[in-house]
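The values are calculated or read from the model by the stated rules, or taken from the named source; none is laboratory data. Predicted, not measured: the structure shown is a model, and the values here were computed from it. Every residue, glycine as well, gets a Cβ built from its backbone with ideal geometry; the counts of neighbours run over all protein chains shown. For the accessible areas, the whole protein counts, side chains as well, though only heavy atoms, and no ligand, DNA or RNA atoms are used. Shrake-Rupley method; radii C 1.70, N 1.55, O 1.52, S 1.80 Å.
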Amino acid sequence: MAPVRCLLPLLPALALALGPAAGEPRRPLALGEAEELAEELWEAGGLPGDLPELEPECRRLLAAFAEGSAALTGCLGRRARPVRLCQDCHRHYRRLLAQYGSIARAVGNSSESHNCAKSILTSDRLQIVVTLSEFFNETWEAANCANCLKNSSEGLSNSTVEFLDLFNKSLTCFEHNLQGQTIYLSPNNYTEVCKNCNETYKMLNDLYNNLQRMNRQGGESGHAAHLCIDVEDAMNITRKLWSRTFNCSVPCSDTVPVIAVSSFILFLPIVFYLSSFLHSKQKKRILILPKRIQSNASLVNIQEKYS
């Protein structure tokens with residue numbers, strides 16, 4: 001009788017929410033009303049004890065994960081262009097991993113209730129928390145952010161810091177020289193930019209090529225894959241400005257060997273046909289010589305015979 005007695009004060013609320021008055025159309029139960037009703041019933045002891053209601057500790061973990069997901073989503077969206085995901089969002093990502101790990105390891109206070117991992121992660125078909133965690137992990141791996149960070153993922157690697165410093169110096173050089181020449185030169189003439197920023201751009205390009213070679217061998221982060229999206233996007237921006245916008249060019253140190261090899265390959269057919277021609281001509285002479293010798297000998301025999 002105790003549960004029934006506890007539910008008596010709630011009967012008017014149940015009648016208003018779940019059943020229409022006589023002669024009135026049925027009104028659907030709003031989501032907020034349903035949640036309030038469920039909480040009231042639970043507090044009153046009117047719900048069975050085996051329903052997957054979250055305990056306070058599990059609610060706290062879920063709220064922390066929701067806040068971490070919102071913070072990381074906001075960071076990824078704000079750093080999408082130009083790409084600054086790895087250098088600005090790695091702290092949010094690392095914090096979210098820790099929050100997900102706390103949910104996976106946590107157990108509710110009551111021995112009769114479900115643990116937090118089962119209640120939050122696998123209690124329904126959608127598994128929202130698991131889906132969100134997989135999305136963030138796949139995005140992070142697709143961006144190859146591990147190649148920008150130290151092995152502990154606590155900050156940017158030394159090579160990444162050096163690259164970003166040179167990248168900022170290159171953009172500063174472009175901007176400074178553009179401001180100085182636009183007064184006197186036409187917009188399509190960027191000779192000052194090409195001349196004054198050539199050394200900085202060459203250092204940045206060489207460093208990027210070195211990072212690519214290091215990355216094929218594992219590099220500082222221990223991940224052999226593409227460079228992280230921040231570095232790739234920064235280098236793409238710089239190269240487009242240098243080659244397309246400013247129409248600058250840097251002499252390649254491998255030009256002489258390439259020209260030499262190309263010339264050698266180009267002249268190979270000429271050498272082949274020339275050698276074939278000379279060889280066939282000499283062979284023809286060798287074949288003709290015995291005939292001449294034979295004809296001379298026969299001529300001598302004829303002369304001796306008639307003499």
Given the criteria closer than 29 Å to Leu85 by Cβ, open to solvent by 60 Å² or more (accessible area, probe 1.4 Å) and at pLDDT 60 or above, does Asn301 qualify?
no
Scan the stretch 203-229 residue by residue and report those that are within 16 Å of Ser153 (Cα to Cα) and at pLDDT 90 or above.
Leu227, Cys228, Ile229
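The rows are residues; the columns are (1) outside any helix (DSSP H, G or I); (2) open to solvent by 20 Å² or more (accessible area, probe 1.4 Å); (3) in contact (Cβ under 8 Å) with a residue 60 or more places away in the chain.
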position: Leu126; (1), (2), (3): yes, yes, no
position: Phe136; (1), (2), (3): no, no, yes
position: Ser152; (1), (2), (3): yes, yes, no
position: Leu164; (1), (2), (3): no, yes, yes
position: Leu171; (1), (2), (3): no, yes, yes
Lone qualifier among Ser249, Ser243 - being modelled with pLDDT of 75 or more, assigned to a helix (DSSP H, G or I) and surrounded by 10 or more Cβ atoms within 10 Å (Cβ to Cβ):
Ser243
Specify the residue that is farthest from Ala234 (Cα to Cα); the eligible residues are those in the stretch 194-213 that are open to solvent by less than 30 Å² (accessible area, probe 1.4 Å) and among the hydrophobic types (A, V, I, L, M, F, W, C).
Cys197
